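Input: a single structure, listed below in structure tokens.
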Amino acid sequence: MAKTILILSDGLRYDVAKDNMGFLGHLVESKLASLYKIIGELPSMSRPMYETVHTGVPSSEHGIVANSIVRLSSKPNIFQVVKSAGKVTAAAAYYWVSELYNRAPYDRIEDKEVDNEELAIQHGRFYTQDEYPDIELFNSAAHLVRKFSPDYLLLHPMGMDYHGETYGSDSKEYRNHAIQQDAWLAPLIQEWMERDYTVMVTGDHGINRDGAHGGTTPEQREVPLFMIQPNVKGRGDTGEIISQLKIAPTILKLLDVPIPETMKQKPL
Ligand SMILES: [Zn+2]
């Protein structure tokens, strides 16, 4: 059983992550991590993909087909399954995640910080502003790990999406933010590995040079999956292309929790 942290970097493109995130690149190069390319599910929109990542089913099945659909998840999902197995869940994430797994619509005061074992996300720290600084969110996540040792933690920063939508993906601001995220994450990933966490880094979708996403081009769909497992040799850059639907069953397998029948993809 390995406790797991999923870093879901909103709007993180595969090519930009591979070219600019040097600490992650070091882990890949030295076979401490494995790198896969994910062809993201569609539509390449945020809320639908948060749900796809957490349920392992496509948007037409889980029904969150647009950002405008504000309701709780109706499918077995990582938070609910892990919590039902008696394990501890946590998230530092955008408020749409709270709306999918804790309560909808979001109450900006009541739901912002929660520590409640009855909730699917038992320890939640949420934000509502897209420009909320990633470093502040990373520190919240690091605090949750030290304080609660969650079995599953979601860390979901918005900085890549914010810089991509503001300046376009072919911009120094977007690329430099990937460098910055990597530098902020490096000491945290090191600490979490020492605490025996498996750490996965991926994106919900990519983004194009217009600063848009939602469509079907590689720029909008392709995201990385870096997988860092303590005491397990990584495979380096695998060159393999995998389905985004594998993320949920892979995490449940790592946590030694039964995988629901709705998650049809084989775990990594
Ligand atoms: Zn997004």
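Derivation of every value follows stated rules applied to the coordinates shown; laboratory data play no part. The structure presented is a predicted model; accordingly, all values stated were derived computationally and were not measured. Neighbour counts run over all protein chains shown; Cβ positions are idealised from the backbone, glycine included.
Taking Ile38, is it outside any helix (DSSP H, G or I), within 18 Å of the chain's Cα centre (by Cα) and without any contact (Cβ under 8 Å) to a residue 60 or more places away in the chain? Lay out the reasoning, then the answer.
Details: outside any helix (DSSP H, G or I): yes; within 18 Å of the chain's Cα centre (by Cα): yes; without any contact (Cβ under 8 Å) to a residue 60 or more places away in the chain: no.
The answer is no for Ile38.
Identify all residues within the stretch 154-196 that are of a type in the set (D, E, K, R) and within 15 Å of the ligand (Cβ to nearest atom); write none if there are none. Write out each step before concluding.
Quick first cut of the stretch 154-196, residues of a type in the set (D, E, K, R) only: 161, 165, 170, 172-173, 175, 182, 191, 194-196.
Those that are of a type in the set (D, E, K, R) and within 15 Å of the ligand (Cβ to nearest atom): Asp161, Glu165.
Matching residues to (1) over 25 Å from Asn77 (Cα atoms); (2) free of Cβ contacts under 8 Å to residues at least 60 places away in the same chain; (3) of a type outside the set (Asp, Glu); (4) surrounded by fewer than 23 Cβ atoms within 10 Å (Cβ to Cβ):
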| residue | (1), (2), (3), (4) |
| --- | --- |
| Pro157 | no, no, yes, no |
| Glu165 | yes, no, no, yes |
| Ser171 | yes, yes, yes, yes |
| Trp192 | no, no, yes, no |
| Leu225 | no, no, yes, no |
| Gln229 | no, no, yes, yes |
| Ala248 | no, no, yes, no |
| Thr262 | no, no, yes, yes |
| Gln265 | no, no, yes, yes |
**Complete:** Picked from the stretch 197-210 (must be buried (at least 19 other Cβ atoms within 10 Å of the Cβ) and more than 12 Å from the ligand (Cβ to nearest atom)), the residue farthest from Arg146 (Cα to Cα) is Asn208
**Asked** Quick check: anything in the stretch 55-77 farther than 24 Å from Leu254 by Cα, in contact (Cβ under 8 Å) with a residue 40 or more places away in the chain, within 16 Å of the ligand (Cβ to nearest atom) and in a loop (DSSP other than H, G, I, E, B)?
**Response** no
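In this structure, is Ala186 part of a helix (DSSP H, G or I), farther than 14 Å from Thr4 by Cα and in contact (Cβ under 8 Å) with a residue 60 or more places away in the chain? Break it down stepwise before answering.
Values: part of a helix (DSSP H, G or I): yes; farther than 14 Å from Thr4 by Cα: yes; in contact (Cβ under 8 Å) with a residue 60 or more places away in the chain: yes.
In short, yes.
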